[in-house]
1. Has the stretch 83-97 got any residue that is among the hydrophobic types (A, V, I, L, M, F, W, C), out of contact with any Cys (no Cβ under 9 Å at 6 or more places or on another chain), in contact (Cβ under 8 Å) with a residue 40 or more places away in the chain and surrounded by 24 or more Cβ atoms within 10 Å (Cβ to Cβ)?
2. Restricting attention to the stretch 170-179, and to residues there that are surrounded by fewer than 24 Cβ atoms within 10 Å (Cβ to Cβ) and over 13 Å from Pro189 (Cα atoms), which single residue is modelled with the lowest pLDDT?
3. Of the residues that sit in the stretch 117-150 and are away from the ligand (no atom under 11 Å from the Cβ), of a type in the set (Val, Ile, Thr) and at pLDDT 95 or above, which one is farthest from Gly203 (Cα to Cα)?
4. On the given criteria, is Gly41 over 30 Å from Gly171 (Cα atoms) and either touching a Lys or Arg at 6+ places or on another chain (Cβ under 9 Å) or surrounded by fewer than 21 Cβ atoms within 10 Å (Cβ to Cβ) (or both)?
5. Working only within the stretch 80-99, note down all residues that are on the phi < 0 side of the Ramachandran plot and within 11 Å of the ligand (Cβ to nearest atom).
6. Just the residues that are among the polar types (S, T, N, Q) and more than 16 Å from the ligand (Cβ to nearest atom), please, taken from the stretch 258-295.
7. Please tell me if Tyr197 is surrounded by 22 or more Cβ atoms within 10 Å (Cβ to Cβ), over 20 Å from Val82 (Cβ atoms) and within 12 Å of the ligand (Cβ to nearest atom).
Amino acid sequence: MDKIEFKRHRRLRASASMRSMVRETHLRPEDFIYPLFIVEGDNKKNEVTSMPGVYHISLDKLQQEVQEIVSLGIKSVILFGVPEEKDDCGSGAYHDHGIVQEATRVIKKHQPDLLVVADTCLCEYTDHGHCGLVENGNVQNDPSLELLVKTAVSQAEAGADIIAPSNMMDGFVAHIRKGLDEAGFTDLPIMSYAVKYSSAFYGPFRDAANSAPQFGDRKTYQMDPANRMEALREAESDMEEGADFLIVKPALSYLDIIRDVKNNFNAPIVAYNVSGEYSMVKAASANGWIDEKAIVLEKLTSIKRAGADLIITYFAKDAAKWLKESN
Ligand code: PBG
């Protein structure tokens, strides 16, 4: 009988040492950006019902929280404010003593090396829950830009290290870049939510941030999940306008988009592993249906393999702990 030729791929999988030697993708705690939800008042650390393990934290509890984050080797946090008062123009977003501005000051005082990414949006601060100014039921692009610039500059003045505009108004990177430069923050980078889909995976976040739109939806400003080429147009204009990082959001249903953006643009790519993607894992593991640790590390590895350089994830602390244990 003729010898049948074939390749022996199993040679490189034969032992743990061999597998580790040929492994192509590695997770590090430095890859993770950990989201924090900051609330007003004192002595609060309340779990978000739809996101077990994620908390609303008041300013006085922040020092302890960031101490733990730093001890795990995580280099950055992204801040979301959950204010008690809201109005139609989201003025809490650009108040000098707004919740995110104050949280930034606390963090930079206690952990100056921990990078603070400020999410720059109005939806947590508007009573209608939209990301910009509303007139006759429409979200207004250009008038909203002015408020976003004010928000970014006040975040910069409070000590934020990176500005992350997420509201999906056209031209936000150009306007924020100009506003930051004029205020003297020429060296402050912009991490743009360049490719942000109108996604049902944001559901639990809107509970956490109390930011669900009170009428309509976000489909006139966030992207259609069916579109791929549009992601390149969004990323291209943000790069031209001066973005330093590009975010793709959500992550897991959009791994193809992460790869497209990585292949086409020369900037650090950030994937946002969003709330719905977190809660699904938490629910299944609470039921004993999946192995949480294995699933989470596999998902995060997949996001990096797809092309993300950094991952915004609610699993940051858990993953950093697990990585530490396995070393
Ligand atoms: C908008 C913003 C949202 C998220 C991050 N920034 C909500 C939205 O666009 O509706 C969602 C993040 C998540 O689901 O984890 N400020």
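1. Taking the stretch 83-97 as the starting set, the residues that turn out to be among the hydrophobic types (A, V, I, L, M, F, W, C) are 89, 93.
Then keep just the ones that are out of contact with any Cys (no Cβ under 9 Å at 6 or more places or on another chain); that gives 89.
From the residues that got through so far, the ones that are in contact (Cβ under 8 Å) with a residue 40 or more places away in the chain too are 89.
Still in the list and also surrounded by 24 or more Cβ atoms within 10 Å (Cβ to Cβ): none.
Checked the stretch 83-97: no residue is among the hydrophobic types (A, V, I, L, M, F, W, C), out of contact with any Cys (no Cβ under 9 Å at 6 or more places or on another chain), in contact (Cβ under 8 Å) with a residue 40 or more places away in the chain and surrounded by 24 or more Cβ atoms within 10 Å (Cβ to Cβ).
2. Ranking the candidates gives Asp170 first.
3. The extreme case among them is Val149.
4. On the way: over 30 Å from Gly171 (Cα atoms): yes; either touching a Lys or Arg at 6+ places or on another chain (Cβ under 9 Å) or surrounded by fewer than 21 Cβ atoms within 10 Å (Cβ to Cβ) (or both): yes.
Here the answer is yes, as Gly41 does meet what is asked.
5. Within the stretch 80-99, Phe80, Gly81, Ala93 meet the criteria.
6. Asn263, Asn264, Asn266, Ser285, Asn287
7. yes
Residues are listed down the side, and each one gets a yes or a no for (1) at pLDDT below 95; (2) buried (at least 19 other Cβ atoms within 10 Å of the Cβ):
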position	(1), (2)
Lys249	no, yes
Ser253	no, no
Ile258	no, yes
Tyr272	no, yes
Glu298	no, no
Thr301	no, no
Arg305	no, no
Ile312	no, yes
Ser326	yes, no
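The values are calculated or read from the model by the stated rules, or taken from the named source; none is laboratory data. Worth saying up front: this structure is predicted, and the values here are computed from it rather than measured. Virtual Cβ from ideal backbone geometry, glycine too; neighbours counted across all protein chains shown.
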